[in-house]
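Below is one structure, written out as C-alpha cells, with a few remarks after it.
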Amino acid sequence: MVRSCEQGIPAWVYVGTLLLLIHSVTVRGAALKQETALDNGATVLNHSMSLVQRMETLLAMGNSSDVTLRVQTINTDEVKVIQAHSLVLTLQSDVFEELLLTRNNSAVVLRETADCTAVFDKFIRYLYCGDVSVRLDQAISLHKLASKYHVWGLQQGLTQYMTQHLSSDSPTGHVVGWYNYALQIGDVALRDSCLQYLSWNLSSVLQSGEWGSISEDLLLSLLQRSDLILQSELELYEALEAWISQNQPVSGTVESALRAVRYGMIPPQHLFRLQKQSALMQKHYESIRDLLYLAFQFHSASPIQLAKYFDVNCSIFTPRNYLSSSWGSPWVINSPTRDDRSFSFQTQLGPSGHDSSKRVTWNALFSPRWLPLSARSTYTELGAMQPTRTDGGRPRIIVTPATSSPDFAGVSFQKTVIVMARQQGKVVVRHVYNFHQSTEEAGDFLLDADLQRRVSEYLIDSSLYLHIIIKPLYHTLLVARK
C-alpha cells in the first residue's frame, strides 16, 4: 500500500513526485557516474528500480486515479477498464495528451481491435514501468498500439525484437505475418529482413506450416529470386505444387508461378517423371510447354551449341543457391582462430545434362588473418603448401579451381559462401557472401565477425559452419541470324 495516497495528498502531486524522482535519479545517475570516473571513492546510489516498482503498484491498485480508460473491442460488447493517471499518459504520449485535453469527463473511450485489446494492459504498463514482456504472437499488436499512440521508443524496440526473433519457433510460424504487417505499414527495414530470412532459409520454410500461409504476391516475389537457398529446384517445384493444392489460386497466378520455375535446373529424368506423375503439370502443361521444351534442349545439346541460338543468360538457365552435393559442399572449421585451413571438393561443371558427368575440383583456403598476395600458397593438383601466417588482419577465404579445362569455355563460375549460425536454438543462415570467377575471394568476408569470442554469433559450438556453392553460368557466344 502506498501510504502517501492514504494521507490525502492529491493524485497529481503524488504521481508527479514519483516521475520527478525517476527523472532526478536518471539525471543524477549520469552525473554520479562521471564523478566516479574522476573520484574512485565515489559511489552510485541507484534506487530507480524501487521507484519503478512503486509506479507498477500505483497502476495495479489504481490509487488516486484521475482517468478511466474504457477500451472497447470493435464489433463486440467487450470493454476492458483501466484506472490510470493522466500525468503518466500525457508524459509518454502526445496522442493521449490530446485525448485528455478534449475529454468531457473522467472516462476516455478507446476503440481497438480484439488483438490490441488483449495486450492493452501490457501497453499501459510499459508507459508506467518502461518494460514489457513480449511473445511472438503479441509483437504486431503491441507495435500497432505503439504506432497509434506515438510511443516511439516502444515501437523501435518491437521492430528490433521482430528482426532478432525471425528464427524463433512458433506453432504456425510468424515471419510471413510479420512480413505482411511490415508491407502494410511501410516498414522497409522489417520487410526486407523478413524477406531475406525467408529467402536464405527457404528449405526449412518449405517444410513448415508457414509455407501454406504465404500470399500470392510474396510467393511470386520469392520465385523470381536467384539468392534462394534450398536443396534443389525440384524441391521448390514440389513445394509449389503443395501450396497451389492448399490455396487454390486463380489460373493466372498458377501459370505465373509455374513459369517462374527454373526447369533447366531440374535433371531430365525428374522432368520426365513430373510430366507423367504431376497432376499440376499435366493440367497446365500447355502454359509451360515452351519452357519444358527449352529445358530438354538445354540438357541434350552442348551448351556452346545452345548458346549460338538461344539467350542462355535468362533465368531458366541461372542456378539458385542449391545445397545439394552437385553444387558445393559444407565445411566445418573447428577453432577457426587457430591457423590456416585448406579444403578440396568437387562440383558438376554445369547444370546441363551434357555436363552432368564432368567434374571441377576446387580448393578453398581459410585464413583467420590477412594474407598478402606474396604469402599465399600456390595450388597444385597434389595439394597446397601451407602459407606463412601473418599477425593482425581479418579472416579471409579464397576459392580457386584446381585445374583448367577446355570445357570451361563459355562457362563462368559465381562462388557463394554461406555462414551458418545458431539463433534461438535453431541453425540458420547468418550471412551470404558472393564473388565471381575473376575474383579469388570475397572482399568483405566476416568483416564484422569476432571469431575470438567463443560465444560469437558467427560460431556454433566454437566452430565456423560454412557451405561453399559454385554456380556455373553459361554465356551467349554469338547470336544466330534470323
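A few comments on the model shown:
- Estimated at 0.36 nm per residue, the fully extended path between SER147 and MET61 surpasses their Cα-Cα distance by 28.2 nm.
- Near GLN414, once Lys and Arg are set to +1 and Asp and Glu to -1 for all other residues with Cβ below 12 Å from its Cβ, the sum equals +2.
- Taken along the Cα-to-beta-carbon direction at a fixed 7 Å, the label points for ASN434 and GLN164 span 3.0 nm.
- Net charge of neighbours whose Cβ lies under 15 Å from the Cβ of TRP178, counting Lys and Arg as +1 and Asp and Glu as -1: -3
- Karplus (6.51, -1.76, 1.60) ³J(HN,Hα), θ = phi - 60°, over the range 280-289, in Hz, Gly and Pro reported as x: 5, 5, 5, 5, 10, 4, 4, 6, 10, 4
- Cα gyration tensor category, rounded, prolate or oblate, for the range 139-229 with a/c compared to 1.5: prolate
- Taken along the Cα-to-beta-carbon direction at a fixed 7 Å, the label points for GLN248 and LEU101 span 5.4 nm.
- FRET efficiency, 1/(1 + (r/R0)^6) with R0 22 Å, evaluated for SER463 and SER324 via beta carbons: 0.45
- Gyration tensor verdict on the range 50-109 (Cα atoms; rounded if a/c is under 1.5, prolate if a/b is larger than b/c, oblate otherwise): oblate
- Three-way shape call for the range 55-188 based on the alpha-carbon gyration tensor, with the a/c threshold at 1.5: prolate
- Local electrostatic count at SER302 - Lys and Arg +1, Asp and Glu -1, tallied over other residues with Cβ under 12 Å: 0
- Additional length obtainable on full extension of the chain from VAL79 to ARG273, 0.36 nm per residue less Cα span: 63.9 nm
- One Cα centroid belongs to the range 234-295, the other to the range 79-129; the line between them spans 53 Å.
- Other-chain or far-sequence residues with amide H under 5 Å of GLN414's (modelled H): LYS471, LEU473
- As a rough guide to protection, the peptides 281-289, 460-468 ranked by mean Cβ packing within 10 Å, highest first, stand as 460-468, 281-289.
- Split the accessible area of the range 149-202 by element, probe 1.4 Å, and carbon with sulfur accounts for 51%.
- Pair GLN424, GLN184: separation of 7 Å Cα→Cβ label points (nm): 1.9 nm
The values are calculated or read from the model by the stated rules, or taken from the named source; none is laboratory data. Predicted model only: the values in this text are computed from it and were never measured. All Cβ positions, glycine included, derive from the backbone under ideal geometry; neighbour counts span all protein chains shown. Surface areas here come from the heavy atoms of the whole protein model, side chains and all, with no ligands, DNA or RNA. Shrake-Rupley method; radii C 1.70, N 1.55, O 1.52, S 1.80 Å.
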